[in-house]
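Below is one structure, written out as structure tokens, with a few remarks after it.
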Amino acid sequence: MNQEFKSYLALGDSYTIGEGVSEENRYPNLLVKMLNQNAEIQWRDPEIIAKTGWTVDELEAGIKQAAPTGEPYDLVTLLIGVNNQYRGRSVEEFRAEFEQMLLRAIGFAGNLPDHVFVLSIPDWGVTPFAKEKGTDSEKVAREIDSYNQVKQEICEQYGIKFIDITTNYRLIGGSQDAVVADNLHPSGAIYKQWAQALHELLK
């Protein structure tokens, strides 16, 4: 008997590829593990198109290069934008690029908006890395809020679930066990929380 598997495409940057953590501690991998517990229909390992440092347009180029063939995916997640903010790009430019990327994600999900989930951008201004660099954390927070507001507005326009991971991250993201060795990127414990937030919505 052929066993059916569900498919998952995760799109993003360092937060999706899990810079500094092992593969099993990336949030897409953690999510699949949670989904597969006591489930009749199992999920395949996630297909991840993400790279540390990617902006939205670089993710677009990465998708073209990867040429994913699993459409329609049963689940598509999108977490992008921190590097646009980090490089000082405008929110207006981001708005246009993010909308196109979201439409791309919906297409990968067989044009089913309820199979697409967008995560908010975490605030890297709370990390030890930001403090070491003397970063203006209030400025970073304001800019990330602007970016996230744009993401949320566009998600609402297309009926996409938008998951706020930023609020909680601001409370815990600065502690030593919340970051990997570079003092910037999240630890597996943080990714587990993101996976749990997604899992709650998918159950």
Checklist entry - What helices (runs of 4 or more DSSP H), lying completely within segment 44-126, carry at least 1 residues that are charged (D, E, K, R), modelled with pLDDT of 95 or more and open to solvent by 30 Å² or more (accessible area, probe 1.4 Å)? => result 56-66, 91-108
Item to check | Total residues in segment 171-203, condition in a helix (DSSP H, G or I), over 29 Å from ILE106 (Cα atoms) and either open to solvent by 70 Å² or more (accessible area, probe 1.4 Å) or among the polar types (S, T, N, Q) (or both) | outcome: 3
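Counting only residues that are open to solvent by less than 30 Å² (accessible area, probe 1.4 Å) and either without any contact (Cβ under 8 Å) to a residue 12 or more places away in the chain or not small (Gly, Ala, Ser) (or both), which one in segment 127-147 is nearest to VAL91 (Cα to Cα)? Before the answer, list the steps.
Narrowing segment 127-147 to residues open to solvent by less than 30 Å² (accessible area, probe 1.4 Å): 127-128, 130, 140-141, 144, 147.
Now narrow it down to the ones that are either without any contact (Cβ under 8 Å) to a residue 12 or more places away in the chain or not small (Gly, Ala, Ser) (or both): 127-128, 140, 144, 147.
On the way: THR127: 23, PRO128: 26, VAL140: 13, ILE144: 10, TYR147: 6 Å.
By that ranking, first place goes to TYR147.
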Checklist entry - Here are some residues: LEU9, LEU35. Which one is in contact (Cβ under 8 Å) with a residue 40 or more places away in the chain and either open to solvent by 70 Å² or more (accessible area, probe 1.4 Å) or under 23 Å from HIS185 (Cα atoms) (or both)? => result LEU9
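A quick yes/no check of all residues on (1) touching a residue at least 60 places away in the same chain (Cβ under 8 Å); (2) of a type in the set (Ser, Thr, Tyr); (3) in contact with a strand residue (DSSP E or B) (Cβ under 6 Å, 6 or more places away or on another chain):
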position: CYS155; (1), (2), (3): no, no, yes
position: GLY159; (1), (2), (3): no, no, no
position: ASN168; (1), (2), (3): no, no, no
position: GLY173; (1), (2), (3): no, no, no
position: ASP177; (1), (2), (3): no, no, no
position: ASN183; (1), (2), (3): no, no, no
position: PRO186; (1), (2), (3): yes, no, no
position: ALA189; (1), (2), (3): no, no, no
position: LYS192; (1), (2), (3): yes, no, no
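Please determine, by comparing only the residues of segment 132-149 that are of a type in the set (Asp, Glu) and part of a helix (DSSP H, G or I), which one is farthest from VAL56 (Cα to Cα). Step through it out loud before you land on a result.
Filtering segment 132-149 down to residues of a type in the set (Asp, Glu) leaves 132, 136, 138, 143, 145.
In the following step, the residues that additionally are part of a helix (DSSP H, G or I) were identified as 132, 138, 143, 145.
Numbers: GLU132: 27, GLU138: 24, GLU143: 16, ASP145: 17 Å.
Among residues in segment 132-149 that are of a type in the set (Asp, Glu) and part of a helix (DSSP H, G or I), the one farthest from VAL56 (Cα to Cα) is GLU132.
The values are calculated or read from the model by the stated rules, or taken from the named source; none is laboratory data. Owing to the predicted nature of the structure, the values given are computational and were not obtained by experimental measurement. Note that we place each Cβ from the backbone using ideal geometry, even for glycine, and neighbour counts take in every protein chain shown. With ligands, DNA and RNA removed, areas are computed over all heavy atoms of the protein, side chains included. Shrake-Rupley method; radii C 1.70, N 1.55, O 1.52, S 1.80 Å.
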